[in-house]
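Here's the structure we're looking at; comments come further down.
The values are calculated or read from the model by the stated rules, or taken from the named source; none is laboratory data. Keep in mind it's a predicted model, so treat the numbers as computed, not measured. Glycine also receives a Cβ, built like all others from the backbone with ideal geometry; neighbour counts cover every protein chain displayed.
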């Protein structure tokens, strides 16, 4: 925020100006210097500046957006895991078919062992794939519900943040205007 940075530099510029003006004895205690002090106090941004609060609100909205985005990433990960498991199942099925091609009587125990291992691995991978498929259905339904609720909440939060910024900025600007009027009145009264 360029404007806020410029406003934050005002107190430092005022301190430097006053340090140089203190060397000029005829300016000390004049209404103009008093008005400059009041104006600087009015224009110096406070810690609870509306822009700071608005930026914090936007950061909170961004954090919730990041949370939703990471939650929506989970179904894609599950789909990738299901694809990997399907490839493993296919490899195990190919391994089962290879063990059927061996000639009968030749290494029957080894062939049976490979066949059983491949069948067990294929079944385990199939069970894992079914578990992931049910997790995917659940994750997608929860993500859809969360996304619908989040969209409504996000809209309300953004509107509220903008409304609060406008309301607080009006209060700040009214305070500044009153402070400037007081500074000008001090200069006018001294001129009379």
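Here is how the numbers come out for the structure above:
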| read-out | value |
| --- | --- |
| Number of the condition not met by residue 15 [criteria: (1) in a helix (DSSP H, G or I); (2) out of contact with any helix residue (DSSP H, G or I) (no Cβ under 8 Å at 6 or more places or on another chain); (3) more than 27 Å from residue 174 (Cβ to Cβ)] | (3) |
| Hits in the stretch 43-61 (condition: within 23 Å of residue 183 (Cβ to Cβ), at pLDDT 75 or above and part of a helix (DSSP H, G or I)) | 50 |
| Condition check for residue 130: closer than 26 Å to residue 92 by Cβ, free of Cβ contacts under 8 Å to residues at least 12 places away in the same chain and either out of contact with any strand residue (DSSP E or B) (no Cβ under 6 Å at 6 or more places or on another chain) or not in a helix (DSSP H, G or I) (or both) | yes |
| Residue satisfying condition, being surrounded by 12 or more Cβ atoms within 10 Å (Cβ to Cβ), over 14 Å from residue 122 (Cα atoms) and without any contact (Cβ under 8 Å) to a residue 60 or more places away in the chain, within set 53, 79, 89, 93 | 79 |
| Qualifying residue in the stretch 76-85 (condition: in contact with a helix residue (DSSP H, G or I) (Cβ under 8 Å, 6 or more places away or on another chain), farther than 30 Å from residue 160 by Cβ and modelled with pLDDT under 75) | no |
| Residue within the stretch 128-142 that is within 36 Å of the chain's Cα centre (by Cα), at pLDDT below 85 and loosely packed, with under 15 Cβ neighbours inside 10 Å present | yes |
